[in-house]
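**Q** Okay, here's the structure, questions in a sec.
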Amino acid sequence: MSGMQILANGQEAVATGIVSALEPEDVIISNHRSHGHLLARGADLNSLMAEIMAKDNGVNGGKAGTLHLSVPEINVLMTSTVVGAGSPLAVGAAFAQHYKRAGGITVVFFGDGAAAEGSVHEAMNLASIWKLPLLFVCENICWAGAQRHEEHCATPHIFQRAKGYNMPGRSVDGNDVEAVYTIGVELAEYCRSGKGPAFIEALTYRMRGHGEQDRQHYVDPGELETWAARCPIHRYRQKLLDDDVLTEAKIRAIDQDAETRVTVAVAFGDESPYPGPETALTDVFVQPPSA
Ligand SMILES: Cc1ncc(C[n+]2csc(CCOP(=O)(O)OP(=O)(O)O)c2C)c(N)n1
C-alpha cells in the first residue's frame, strides 16, 4: 500500500471498550491512529480498506486515505493527523449537541503527545466552562513518534490535568476491555447528564512502530515483550475461556471469520478502481446553504 500506514495494534481494548459504551447518536472524532475506533463503531470493512488504498469505492471516494477519514453515517465526524486538532473540533461538535439539545455526547480520541498541545488544553478549558457533553479519551501508548513519555510530558499521570479544568479525570488499564468499558459507561453517563466534560487516560502500548515505515530501533525489545504478554486480545480470550463463556473451537471460528473478512476486504480494495481525474474537484468544496 502506498502512503503512510499508522496502526493501533495493542490498543484494541480502548477502541472496543469506549465505543461499546456509546449510543448511536454520539459523535466520534479521532486522530491518525483511528482504524480501531472506526471498526469498533461498525464502519464497513470493505469500503474502509478501499479508502486506505485510495480507491474510488472507499468511504470518502479515495480522497481521505488512511489519515483523514470521515464516516458520517455512523457519526464518525472526522479523523485527523494534525496532532491535537481533534479536541477543538470536538468542542464544536459537543457545543452543537448542547445547543440543539440533541441528547448525544462527543468523544475525542488523542494520544499522550497530543495532550501536550495547547489546542487540547484550550479545548478542555472551554468545554468545562460551557459544561459541554464531551468525553476526552487520551490513549497513553508510552511513545509519541520516537519520543518516550517523559521526554515530551511533564507528568506521568495525564488524567490528573482534568482537575485543573474542573472535570472528573480517571486512568484505566487500557489493555483490559471490561475495565475500559466500565469507566467509559460511567463517564459517558456523566457527560450525558449535563454535568460537563470528563477525561479518561487509558494506559496502553503501541505494539508496532509509529507508522509501518518505523522499525522501532529505539525501543528496548524487552519492553515490547512485556507489553506483548499483556496483549488485550489474548487476555480477554483467556478470561472468556476461564469463565466458560467461549470454547477453543468458538474462538477459532471467530478468528477464522475475522481473517476471512479481512481477505475479502483486501480483495475488494484491490479490485476497486482509482478515482477518475474528473472527480478531482468533487466533494472538495461545500456550497453553504443560502441564508
Ligand atoms: C500539529 C502537528 N505536529 C506534529 C505532527 C507530527 N506528528 C505526527 S504523529 C506525532 C506523534 C503524536 O503522538 P501522540 O499524540 O501521542 O499519538 P500517537 O502517534 O502516539 O498515537 C507527531 C509529532 C503532526 N502531525 N501535527
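Derivation of every value follows stated rules applied to the coordinates shown; laboratory data play no part. It should be emphasised that the depicted structure is a prediction, and the values quoted were computed from it without experimental measurement. When we count neighbours, we look across all protein chains shown, and the Cβ atoms used for this are built from the backbone with ideal geometry, even at glycine.
**Q** Each residue of the stretch 131-144 in turn: what ³J(HN,Hα) in whole Hz from Karplus with 6.51, -1.76, 1.60 and θ = phi - 60°, glycine and Pro shown as x?
**A** For the stretch 131-144, the Karplus curve yields 6, 7, x, 10, 9, 8, 10, 9, 8, 8, 9, 6, 9, 10 Hz.
**Q** What is the magnitude of the charge dipole of the stretch 1-106 about its Cα centre, with +1 placed on the Cβ of each Lys and Arg, -1 on the Cβ of each Asp and Glu, and no other charges, expressed in debye to the nearest 20?
**A** I would put it at about 240 debye.
**Q** Rounded to the nearest 20 Debye, what is the dipole magnitude of the chain about its Cα centre when Lys and Arg each give +1 and Asp and Glu each give -1 at the C-beta?
**A** Roughly 780 debye for the chain.
**Q** Okay, helix-only estimate at 222 nm for the chain: each DSSP H run of n ≥ 4 adds -39500 (n - 2.57), divide by all residues, round to 500 deg cm²/dmol; what do you get?
**A** Estimated from H runs of four or more residues: -12000 deg cm²/dmol.
**Q** Let me ask something else about it. Could you put Phe199, Phe109, Phe285, Phe159 in order, starting from the residue whose Cβ has the fewest other Cβ atoms within 10 Å?
**A** Going from sparsest to densest Cβ surroundings: Phe285, Phe159, Phe199, Phe109.
**Q** Determine the principal axes of the Cα atoms in the chain, then give the extent along each, sorted from largest to smallest and rounded to whole angstroms.
**A** Result, largest extent first: 57, 50, 40 Å.
**Q** What ranking of Leu187, Leu39 emerges when the number of other C-beta atoms within 10 Å of each C-beta is taken as an exposure proxy, fewest first? List each step's numbers first, then the result.
**A** On the way: Leu187 26, Leu39 17.
Starting with the residue having the fewest Cβ neighbours, the order is Leu39, Leu187.
**Q** Same structure, new question: Would you order Lys163, Lys239, Lys63 from fewest to most other beta-carbon atoms within 10 Å of each residue's own beta-carbon?
**A** Lys163, Lys239, Lys63
**Q** Determine ³J(HN,Hα), in whole Hz, for all residues of the stretch 169-185 in sequence, where each value follows from phi through the Karplus function 6.51 cos²θ - 1.76 cosθ + 1.60 and θ = phi - 60°; x replaces Gly and Pro.
**A** x, 9, 10, 8, 5, x, 9, 10, 5, 5, 5, 5, 4, 4, 5, x, 4
**Q** What is the set of long-range amide H partners of Ser171 at a cut-off below 5 Å, with H atoms built 1.01 Å from backbone N?
**A** Glu201
**Q** Please list, in order along the stretch 271-285, the HN-Hα scalar couplings obtained from phi with the Karplus expression 6.51 cos²θ - 1.76 cosθ + 1.60 (θ = phi - 60°), rounded to whole Hz, x for Gly and Pro.
**A** Couplings: 7, 6, x, 6, x, x, x, 5, 8, 4, 9, 7, 6, 9, 10 Hz.
**Q** Based on alpha-carbon centroids, what's the gap between the stretch 90-148 and the stretch 220-291 in Å, whole number please?
**A** The stretch 90-148 and the stretch 220-291 have Cα centres separated by 24 Å.
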